[in-house]
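Novice: I'd like to ask you about the structure that follows.
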Amino acid sequence: MILSQKTAAVTGTGFIGPVHVEALRRLGIRVKGILGSSPAKSEMAAKTLGLPKAYLSYEEILSDPEVDVVHIATPNRQHRDMVIGALHASKHVVCEKPLATSSVETSELVERARKNPALVTAVNYNVRFYPLALQARDLVQTGAIGRVLSVRGAYIQDWLLKDTDWNWRLLVEEGGELRAVGDIGTHWMDLIVFVTGLRIDSVFADLATLIPVRQRPKAAGATFQGNEAGAGATASEPIQIQTEDWGSVLFRFANGARGAMAVSQVTAGRKNQITFEIAGSDGSIAWDSEHPNDLWLGHRDKPNELLIRDPSLLAPGVRSFTSYPGGHNEGFPDTFKQLYRAIYEYLAEGDFSRPKIFAGFEDGHEELLLCEAILQSHRTQAWVPVRRNQPESS
Ligand SMILES: NC(=O)c1ccc[n+]([C@@H]2O[C@H](COP(=O)([O-])OP(=O)(O)OC[C@H]3O[C@@H](n4cnc5c(N)ncnc54)[C@H](O)[C@@H]3O)[C@@H](O)[C@H]2O)c1
């Protein structure tokens, strides 16, 4: 299928915006330009990435008739307005996660997406697109592990371990009320719901801000940049932190299965590790993003197995999501490539009533509903049901 008929523009020149650009270009999709938070940042990014256009404002992207798809890779608080602007300008949207900072906002975006059925609206949950996560999903769907009984796992990082580590995500007004859960926990929950097909009915949470005061540098850098700049590289001021560094969440799924997730951004040595273990009545599956090309298959009555990512060993429907032969490892950047291939193929096929394998706005809304139930549970120290009121039509 030819994907190169569409043209994209990207907003956000920090950590993840350039990842979008690179993945799109690996697929032959034209990226016309990029927008940063200032003309100088746009120009620097366009030059570094070799893009023809440095946009000077978001409005310039929206009024560019050559741009079909807008990729939103700015901080969370910008997402809602940027999505609304893109839909209003009849552009397809790929928005970074979380879709917005509250379920009121995401509900509004779901409604607006419904009113624009001719536009593709996607949320960038890329972890779904590790080939072995897709293989795990296929194994669950085809009954290979029987009925899912329980799920456990974690998303763990260390880049905010020091009180001198700083990022906009630490602030409620920039990232939303939940940080570790909202930033990385939503990746885990989206992945588990995607792989198991199970709905989360209620949650019980314990969250902690283990570093309550942090030193905010006078000049902040891009995400993860603190690791390279070195702690205390610039002058700073102390800031009281309201968002959580760590969280532990229990889940009850609709089929009666139970789950447990740990999230942390303050665990030394774990750079960016997402793991899951799904236990079924006939077997288990475990996966670890630090070894993304291995899938562990657990058995009760025979030796366990290790499936190494190799197209010839994957389910037929999963093979197309891997581009390299076995032994040629694929990782984080490849998930973006496979995600955009799925989105742009969907776009090229043109029937947007078909089910989609990538996350849509409803999935983005679901994550905010889960986050809000988790926050309420933490505050009340009680089980909280996930409230799924249908977004109101106006
Ligand atoms: N899917 C993933 O794996 C993944 C990974 C990292 C980040 N993200 C998401 O991507 C988004 C960006 O995160 P990041 O880590 O790249 O942050 P970052 O701070 O590294 O980069 C954000 C960039 O947006 C720019 N920006 C701010 N306001 C802008 C505006 N109005 N117009 C244009 N640019 C603007 C900033 O200058 C900065 O360069 C967040 O929503 C985050 O949750 C997703």
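The values are calculated or read from the model by the stated rules, or taken from the named source; none is laboratory data. Quick caveat: nothing in here was measured; it's all calculated off a predicted structure. Methodologically, a virtual Cβ is constructed for each residue, glycine included, from the backbone with ideal geometry; neighbour enumeration extends over all protein chains shown.
Novice: For the range 11-52, name all the residues that are away from the ligand (no atom under 13 Å from the Cβ) and assigned to a loop (DSSP other than H, G, I, E, B).
Specialist: Selection gives L27, G28, I29, G50, L51, P52.
Novice: Continuing with the same structure: Answer yes or no: is there a residue in the range 53-63 that is among the small types (G, A, S), closer than 30 Å to R319 by Cα and within 13 Å of the ligand (Cβ to nearest atom).
Specialist: Scanning the range 53-63, I find no residue that is among the small types (G, A, S), closer than 30 Å to R319 by Cα and within 13 Å of the ligand (Cβ to nearest atom), so the answer is no.
Novice: Regarding E367, is this residue of a type in the set (D, E, K, R), away from the ligand (no atom under 16 Å from the Cβ), outside the structural domain of R80 (by TED's automatic domain parsing) and within 24 Å of the chain's Cα centre (by Cα)?
Specialist: no
Novice: Looking only at residues in the range 120-143 that are of a type in the set (G, A, S) and crowded, with 16+ Cβ neighbours inside 10 Å, which one is farthest from H299 (Cα to Cα)?
Specialist: Once the filter is applied, the top-ranked residue is A122.
Novice: Related question: For the range 50-88, name all the residues that are among the small types (G, A, S) and in contact with a strand residue (DSSP E or B) (Cβ under 8 Å, 6 or more places away or on another chain).
Specialist: Result: A54, S57, A73, A86.
Novice: Any chance the range 184-196 includes a residue that's within 12 Å of the ligand (Cβ to nearest atom), at pLDDT below 95 and touching a helix residue (DSSP H, G or I) at 6+ places or on another chain (Cβ under 7 Å)?
Specialist: Checking the range 184-196: not a single residue is within 12 Å of the ligand (Cβ to nearest atom), at pLDDT below 95 and touching a helix residue (DSSP H, G or I) at 6+ places or on another chain (Cβ under 7 Å).
Novice: Filter the range 72-92 down to the residues that are more than 10 Å from the ligand (Cβ to nearest atom) and outside any helix (DSSP H, G or I) and list them by number.
Specialist: Once the filter is applied, which keeps residues that are more than 10 Å from the ligand (Cβ to nearest atom) and outside any helix (DSSP H, G or I), the range 72-92 yields A89, S90, K91, H92.
Novice: Residue under question is R112, and the condition is that it be surrounded by fewer than 23 Cβ atoms within 10 Å (Cβ to Cβ) and not acidic (D, E); does it hold?
Specialist: yes
Novice: Here's a follow-up. Scan the range 271-292 for residues that are outside any strand (DSSP E or B) and surrounded by fewer than 18 Cβ atoms within 10 Å (Cβ to Cβ) and jot them down.
Specialist: K271, S281, D282, E290, H291
Novice: Can I ask one more? Tell me which residues, restricted to the range 103-120, are within 16 Å of the ligand (Cβ to nearest atom) and of a type in the set (S, T, N, Q).
Specialist: Scanning the range 103-120 gives a single hit, T106.
Novice: Mind checking which helices (runs of 4 or more DSSP H) fall wholly inside the range 293-384 and carry at least 3 residues that are surrounded by 15 or more Cβ atoms within 10 Å (Cβ to Cβ)?
Specialist: Answer list for the range 293-384: 332-349, 361-380.
Novice: Among the residues in the range 93-102, are any more than 16 Å from the ligand (Cβ to nearest atom), in a loop (DSSP other than H, G, I, E, B) and not aliphatic (A, V, I, L, M)?
Specialist: No; the residues of the range 93-102 include none that is more than 16 Å from the ligand (Cβ to nearest atom), in a loop (DSSP other than H, G, I, E, B) and not aliphatic (A, V, I, L, M).
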